[in-house]
Amino acid sequence: MKLFLLSLFFLVSCLEDNRSPEAALKDFVEIRIGNVVTRNSLIEKVTGKMRQSLENVSDEDFQQFADMRNVARDSFKILSKSCQEGTCFITYSISYKTKQDDKSVFSSEVKKIAELSLVSGKWLIADVTNIKTYHESLEPINALQGESR
């Protein structure tokens, strides 16, 4: 009986977390980094400008946007949050490495602001704005690589 109550407690806790703006943002980031996502899986998590943008982008451009298999996340940090009546603005940073041939070639840190809206009891991403991006090459850059002669 104790195990059942403990399991129920954890299940309810997880469900409650998924209803927070921070959990919605973390979920959105986690499904993207290191994966290939479908348009529908992203559309379920967005609203407003972000949803319109995803619905209107060409299939070719979406495929480039959706394929992040060469990216491995290092960290995800929420820096600040400001909420009022069904809208939250969360400033966060993501650190990740970009891989090529199973070797890390770039280390990046991106600081962003996400706007989230409460729609039918669910927090959805309405917009994301980049504030600052820092890339560090982990390998020497060959300016002639890829150039045809």
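The values are calculated or read from the model by the stated rules, or taken from the named source; none is laboratory data. These numbers were taken from a predicted model, which means no experiment stands behind them. Ideal geometry is used to build each Cβ from the backbone, glycine not excepted, and the neighbour counts take in all protein chains shown. Ligands, DNA and RNA are excluded from the accessible area calculation, which covers all protein heavy atoms including side chains. Shrake-Rupley method; radii C 1.70, N 1.55, O 1.52, S 1.80 Å.
Remarks
- THR87/GLU60 FRET efficiency (R0 30 Å; Cβ-Cβ; nearest 0.05): 0.35
- Estimated FRET transfer efficiency when R0 is 22 angstrom, pair ASN70-LYS49 (beta carbons, to 0.05): 0.25
- Centroid-to-centroid separation of segment 18-41 and segment 87-149 [C-alpha atoms, Å]: 14
- Label-point separation, THR129 to ILE31 (7 Å along Cα→Cβ), nm: 2.5
- Contact order, relative form, for segment 8-122: 21 percent (alpha carbon pairs under 8 Å, 6 or more residues apart, mean separation divided by residue count).
- When each of LYS49/LYS81; LYS45/LYS103; LYS99/LYS132; LYS99/LYS122; LYS26/LYS97 is checked by Cα-Cα distance, pairs over 25 Å: LYS45/LYS103; LYS99/LYS122
- In this structure SER82 has an accessible area near 70 Å², from a 1.4 Å probe over the protein heavy atoms.
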